[in-house]
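First up is the structure itself, then whatever we jot down about it.
Just so it is clear, none of the values below were taken in a lab; they were calculated from the coordinates. Since the structure is predicted, the reported quantities are computational estimates derived from the model, not experimental observations. In this analysis, Cβ positions are derived from the backbone assuming ideal geometry, glycine residues included, and neighbour counts consider all displayed protein chains.
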């Protein structure tokens, strides 16, 4: 009998098939996949571990869990230091590897030391897809999803479509991976990509080293896709061998004849330097169109562009020169490994001599934790987001650029395209700098008698309430399109309250309406539930689950929006908030802040077909059977206990 031929698979298809726990990608709307590795960072990790602790397990059950401290390393006040002590003690008790403050940025470190082709990685940070640069199925999610994965539970995603991004040609001088992903963003934008995986293939892939692939996968988060992925090939093998991890290599490429749901081709040789103009990563223009614009500040680093390849490229361009006198230049390397390499080859001295400020290898300026620009300043940055006010200065104009454009502009003090940059060859050997990873010997085992350290800013996780049959509600706020999680839960200095939901909830929607918290409390006191009304692409940006958890604490029971982004929608469900969308987007205009609403039969609607009508306004929510139970019970934590 002739054997039935297997259907050729994409890289994404192979990764999903190898980890599928439940569901059929060809039939089911939702898939459950097994998670091999998890990562957290300190801005989201405390809540993830508080939720894991509430499950009552003795240790983690997934293959590897790593807790990174990289966001809130500036310690003004006791809160951040207390949280770090809490995270360290949690890691020791439950068998988690702990990365100390100063060790580096989670995505850069994980790529260097732990990421494995062919595995799944779930991280409580939206830029976890960086791991796609080495052939991981790496996905960002809310903290409670990470807690479930550490407990051995599956992660659920909508059955994805796969868009193939075919790369041909070779990048010209002065153009790099940042320009590639900006080109993709120019084509597909920051909304409308929910439920897609972007997979890069074609002959041009072989011309990109692993750091370049990671940069492209990293900023796939700005597209709103589930994740981005590259094949694992000879380039991947060379990178892992140079890291002393040759045994982690697995070849993983798309089968010949594999079909994509859509294909978009980029000829790398035709690209030119690009920039994302204020105030969106999707607002892409050419650097040529900005030439001569005065620049006040240039910051190089973040999880997008802080590899040895990136920083050494900048050093090469600045060697023997000095940055313009009227521009401030700061550089944050991604890891201690990068710092060590730059110190050994003299590039660190080059950057110092050129007048650059060497910043801590941490997220820092990307999240507005320091280096905020001056009033109305123009700031060029190599990070991934330029949302209004994210830098810490609302009036600043932040542009996202490549390291090459940043270095060329640093020398002139004005927007300048880099004409040519010497290629940095992949190192044959990376130095091993693992001394700031703690508890590697007890990873997966833990030390159960460890005392958990809890500072006064660490509060218990609030519980959600079951959804009522009917709700009397009020529109607590009405916001427009592209509301980000930074709008909902401000980052920067406010992040120090991340472990204390009652305190952090005082700042929900602070950038949009500082009175939101008080209004919600007043509505609650009057027996009213709170509703948020929003436009398109609500919940862009960070995986910060506090953008759902804190509103839940303030009595928000539903969001009415034109569209909702993937991670935030999942977080809303996880905390018992119904994610409704308008059947007719024009009905958005019929609702006003403060308007009283009767949500008659909301529980029946959620349990049934997801349709709810309020005064002629038709709403719908599409929930899987699993999600329905979560919302009805008031949140995922209520389902687990």
How large is the Kirkwood hydrodynamic radius of the stretch 11-270, in angstrom, based on all distinct alpha carbon pairs? 18.7
Would the stretch 471-640 count as rounded, prolate or oblate if I go by the C-alpha gyration tensor, calling it rounded below 1.5 in a/c and otherwise prolate when a/b exceeds b/c, oblate otherwise? rounded
Quick check on packing: order 281-293, 481-493 by the mean number of other C-beta atoms within 10 Å, highest mean leading. 481-493, 281-293
Mind checking the log10 I(q)/I(0) for the stretch 274-412 at q = 0.21 Å⁻¹? Debye, one equal scatterer per Cα, no solvent, two decimals. -1.28
Cα→Cβ-extended label distance, 7 Å offset, between residue 28 and residue 269, nm: 4.6
Relative to the present Cα-Cα distance, how much length would full extension add between residue 255 and residue 316 at 0.36 nm per residue of separation? 18.0 nm
Nearest 10 degrees, 0 to 90: helix 403-412 Cα axis against the chain principal axis: 70
Which three extents, in angstrom, do the Cα atoms of the stretch 185-233 have along their principal axes, listed largest first? 30, 16, 16
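List the relative contact order of the chain as a percent without decimals, with contacts defined as Cα pairs under 8 Å and 6+ residues apart. Working shown, then result.
On the way: 1643 pairs, mean separation 98.2, N = 641.
Contact order relative to length: 15 percent.
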How much length is gained if the chain between residue 586 and residue 428 is pulled fully straight, taking 0.36 nm per residue apart and subtracting their Cα-Cα distance, in nm to one decimal? 51.1 nm
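Just from its helices, what would the mean residue ellipticity at 222 nm be for the chain, if runs of 4 or more DSSP H residues each count -39500 (n - 2.57) and the sum is divided by every residue, rounded to the nearest 500 deg cm²/dmol? Don't skip to the end; give the middle numbers.
Numbers: 22 runs with 185 residues, N = 641.
It lands at -8000 deg cm²/dmol.
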Cα Rg, Dmax, the chain, angstrom units: 23.6, 78
Using a 7 Å offset from Cα along Cα-Cβ at residue 63, what residues in the stretch 107-133 end up with backbone N under 12 Å from the label point? 114-122
Estimated FRET transfer efficiency (residue 596, residue 207; beta-carbon r; R0 60 Å; 0.05): 0.50
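How much length, in nm to one decimal, is gained on full extension between residue 262 and residue 20, taken as 0.36 nm per residue of separation minus their Cα-Cα distance?
Values: separation 242, 0.36 × 242 = 87.12 nm, distance 2.30 nm.
That works out to 84.8 nm of additional length.
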If you line up the long axis of helix 516-525 against the longest principal axis of the chain, both from Cα atoms, how many degrees apart are they, to the nearest 10? 20
Take residue 343 and residue 604, extend 7 Å from each Cα along the Cα→Cβ direction, and tell me the distance between the two endpoints in nm. 6.9
Which part of the stretch 457-475 falls in the paramagnetic zone of residue 510, meaning amide N under 19 Å from the point 7 Å along Cα-to-beta-carbon? 457-459
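Based on the Cβ-Cβ distance of residue 620 and residue 55, what FRET efficiency does E = 1/(1 + (r/R0)^6) give at R0 = 35 Å, to the nearest 0.05?
Working: r = 32 Å, r/R0 = 0.93.
According to the calculation, E is roughly 0.60.
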Virtual spin-label span in nm between residue 472 and residue 234, 7 Å along Cα→Cβ: 7.3
Degrees, to the nearest 10: 177-188 long Cα axis against longest axis of the chain: 40
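Quick check on the exposure proxy: order 99, 526, 280, 89 from fewest to most C-beta atoms within 10 angstrom. Could you put the intermediate results ahead of the total?
Working: 99 29, 526 9, 280 21, 89 18.
Listing 99, 526, 280, 89 from fewest to most nearby Cβ atoms yields 526, 89, 280, 99.
So what is the relative contact order of the stretch 471-640, in percent, for Cα pairs below 8 Å that sit 6 or more residues apart? All intermediate terms of the calculation are to be shown ahead of the outcome.
On the way: 346 pairs, mean separation 41.5, N = 170.
24 percent.
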